[in-house]
1. When DSSP assigns beta bridges and you keep just the ones with both residues in the chain, what percent turn out antiparallel, to the nearest 5?
2. Compute the distance from the alpha-carbon center of the stretch 685-749 to that of the stretch 68-120, in whole Å.
3. For the stretch 508-551, what class follows from the C-alpha gyration tensor (a ≥ b ≥ c being the square roots of its eigenvalues): rounded when a/c is under 1.5, otherwise prolate if a/b is larger than b/c, else oblate?
4. Residue-wise, which Karplus ³J(HN,Hα) couplings in Hz belong to the stretch 522-535, taking 6.51 cos²θ - 1.76 cosθ + 1.60, θ = phi - 60°, and x for glycine or proline?
5. Does the stretch 242-314 come out rounded, prolate or oblate, given a ≥ b ≥ c as the square roots of the eigenvalues of its C-alpha gyration tensor, rounded meaning a/c under 1.5 and, failing that, prolate meaning a/b above b/c?
6. Could you tell me which of the pairs K349/K558; K232/K945; K514/K611 are separated by over 26 angstrom between their Cα atoms in the structure shown?
7. Indicate the helices, whole DSSP H runs only, in the chain that combine a mean Kyte-Doolittle hydropathy of -1.0 or more with a Cα extent along their long axis of 27 angstrom or more.
8. Give the accessible area for W365 in Å² (nearest 10); use a 1.4 Å probe, count only protein heavy atoms, and leave out ligands, DNA and RNA.
Amino acid sequence: MDLRLNINGQERAFQVAPSDRLLDVLRRNGFFGVKHGCETGECGACAVLLDGMPVASCVMLAAQAKGRSITTIETLGDRRALHPIQEAFVENGAIQCGFCTPAMVLAARALLDANPNPSEADVRDALSGVLCRCTGYKKPVEAVLRAAMVLRGETPPPLGGGRPPEPEPVPWIEIPPAAGPALGGPEVGGTLTITRPAIRLVVAPEKPEEGLLNVVGQPEKKVDAAKLVQGKPAFADDVEMRGMLVGKLLLSPVAHAWIKRIDVSKARALPGVHAVLTYQDVPRVVFTTAGQSHPEPGPHDQFSLDKKVRFVGDRVAAVAAKTEAIALQALEMIEVEYDELLAIFDPRKAMEPKAPVIHDEPESWNIVDKERNLAGVIDFEVGNVKEGFKQADHVFEAEYTVQQVQHAAIEPHVCVTWWDEDDRLVIRTSTQVPFHVRRILAPVLGLPPKRIRVIKPRIGGGFGGKQEVLIEDICAHLTIATGHPVRMEYTRAEEFIASRSRHPMIVKMRTGVKSDGTLVANEMTVLSNTGAYGTHAMTVAGNTGHKALALYKAPNIKFHADIVYTNLPVPGAMRGYGVPQGFFPVESHMEDIARKLGLDPLEFRLKNAVKTGDEHPLSRVWSEGREGHAEIIRTCGLAECVERGAAAFGWRLSDRLPSGLEGGGADWRTIPGKPYLRRGQGVALVMQGTAIPYLDMGAASIKLNDDGSFNVLVGATDLGTGSDTVLAQMAAEVLGCPLEDIIIYSSDTDFTPFDKGAYASSTTYISGTAVVKAAQQVAEQIKEVAGAMLGTSASDLYLRDRRAWAPNGRSVSLEEVALESLHHRDQRQIMAVASYVSPESPPPFAAQFAEVTVDTETGQVTVDRLLMAVDSGRIVNPLTAFGQVEGGMTQALGYAVCEEMIYGPRGELLTTKFDDYKIFRAHEMPELGTIFVETVEPSHPFGVKAVAEIPMDGVAPAVANAVLDAVGVRIRELPLTPEKVWWALRTKL
Ligand code: FES
């Protein structure tokens, strides 16, 4: 049907189907700022303004918009002048992955048009319709309030972040070319004609002090912020291609079965269908979807399509069709007869003798015991725990349960594949691991790696969920089968069911302590449920013990993990990578021990915690990289985190000593007029790792352009964390130029150097060191040329303010150096490539504080405040680092109190929508606080450690400890739902 719509003030004519949603029509016609995050209007990423009011375009028919005025992000501002709201988002660090940003900006615009002077609560309310999984909403809210001031004509306060005042411009002195060294030029009649412009010299600034930094440590704007805030086509799905087909998957309705019969003839005959694939149509190649370095340490137990299904949501068939409607119709026409097998959902029963065997196929390998559904086992011990317990005055035991949760990135998994003009397969995908995708997929697709190119554009949040080769194989199979470009994207329900999640675990703690509070033995036993496939199964569980148990240096430590298969959707890598599962038990347990022994919980923890100079207690016995290597902790700011965090938080230490140890009755816990409410405070200390020693490798190449700017190519993948920005800052620092002179690109397997990808908190540390090494080589080459131009030794020069400076104050600009090098002297390209792998993994540390109010009548836990004091080494960019911590704490808050994947009796996931699953919205947030305790880690050129994952670790135990503090009940099972707290309160009574 014909439809005329008014979009951004222009009347436009479209041909649409009656069932076309407004979202589809807008995106099909190039309005890529309108994002798809769900199909139910819950995430709000697809918001547009309709007659000035935000609406979700995914739940509105295009025809319903007839006669209305539609506003999309594309009309707000452009590269010449951003709208003040966009400008505030950029300046305030309110953008991480940027997938939700266009919708947030539009929601803010609607608010400020109606209410130019909103309160913070008004802003939170206005943003509440847009889910953000990255930021924790703090910076977006601040940005809107700032924009409101600007739009009212007021001057907003200067932005914080420690930026020094702008330097005065340096005075220029022109000197004639003759004063410079002879540079050569075209030979005319036997004489040299110098055609270069004059070299401009400036008065030399002071030679920078060693360690004084200009770009690193500054709150620079994200290098991709401008395009993201304008909704430019930056993400995997933001492409148009002639003849592109839509790929869809048929997912299993049963948890465990053989496919007895599958008939796709009707589906294949449907007009518009180009391919229908089953296990009979694709090569049977076993692989793992875990995007890890070669060789992947876990089970190889998956096939693109198999004759057996192992969970509700497993793949049965794939279709490529001209439209999504035809593809969905074709899926319905596939006839499947299942021979159902007994399914198992309880990990405790998975290893029992009569349990059904989930992986009985002969091709799978690296599975410890198929008969017992044992994907993996991990054992390590330091000292002798048995002897340690004999020395203990007290032994404490408890069991904890942590649930399965989802990344819930607002951008679903999405992939586009096509054959290029050289018959090479191009995979444009929302991945954290483009190089692993290419290597892992090559045998699966039957193509040599050189015929595959993987492009990673901007990613709308990853959090580990895109550290998998998840849909790229099927999309590529469909392109191979049809010859057409194919686009595949999960729906939100598919994302919940068929992507990845955090491993649920049952964790037993047994701890031996002397009466004075000295730990003598610490033991953790884990039962990890890896669902139907073993992706990341081994390394996640290993991390649970390796990181969480290592915080306390008991002389005897033992860890055992059984990782079992069940017929449930598949866990995998998720931000924190096993460590949040470990710290909930460890830090709940430590709190209980301290209280029972009458010790101050913070003093007790610090007494036993590792310190600067200690050997990492478990570094010799387990590592994802190289085992048997002792790592010394060179920087540990944990004590300062505790001290500064407690002071800033208002930690009520006095209430606990000596009489308050059992939960006390001090006044601050009660709320006048509301006797049913009780307040409490809790704390948890945590540590993570920074990259995987001897395994994680990053590389960078840098070249000087003829205007003095630099191209920095990295294989590292910025998944919204701001890593491109911090890597560019490091390059700029070494090369003596502002950030704007660095053009950074990540990543494309055809022309960026290898990088293991974005995981394990490694990018700033590993890829950053590679960038620094490459930049140092480029700097040396610049100095060589500049030294010759200035007639001085290269070793005496330093780079600053886009120039190379000699000690006598003479200088040449980087542009002059580039022109000299490219067009005159040696005629060579100044460039370098470098790579880096680390022998160590310096841990970041943190103290996480939480304050809660518990409703004793309903069991409802309201988290009022969270504060994290974190030692993450030197902060390269405060804007992005604050956002990482705030966003991480928000995800961790969901883990603590509400997020959970819940199943029906047949193993079918019930929480397949955002509102069923429940992630926090802007108006529901507690107050968030972050303190950086900046140690300078000597193993990195700029002293950095990691900050991305550690915010995931401490919130759940701190909240649980706060609930204990408030109402005296210990909840050992996450999340802390009202039902659990209510029951615990009743049981206690
Ligand atoms: Fe909001 Fe990523 S910045 S979802």
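The values are calculated or read from the model by the stated rules, or taken from the named source; none is laboratory data. Since this is a predicted model, take the numbers as computed values, not measurements. When we count neighbours, we look across all protein chains shown, and the Cβ atoms used for this are built from the backbone with ideal geometry, even at glycine. For accessibility, only protein heavy atoms count, side chains too; no ligands or nucleic acids. Shrake-Rupley method; radii C 1.70, N 1.55, O 1.52, S 1.80 Å.
1. On the way: 122 of 151 bridges.
Within the chain, antiparallel bridges account for around 80 percent of the total.
2. 28 Å
3. Working: a/c = 6.21, a/b = 2.79, b/c = 2.22.
Cα axes put the stretch 508-551 in the prolate bin.
4. 9, 9, 10, 10, 10, 10, 9, 9, 9, x, 6, 9, x, 5
5. On the way: a/c = 2.39, a/b = 1.46, b/c = 1.64.
Since a/c reaches 1.5 but b/c is at least a/b, the shape of the stretch 242-314 is classed as oblate.
6. Working: K349/K558 24 Å; K232/K945 32 Å; K514/K611 20 Å.
The pairs that break the limit, which is 26 Å between Cα atoms, are K232/K945.
7. Details: long enough: 768-790 (31 Å, 0.48); 878-897 (28 Å, 0.48).
Result, helices passing both filters: 768-790, 878-897.
8. Approximately 120 Å² of W365 is accessible to the 1.4 Å probe.
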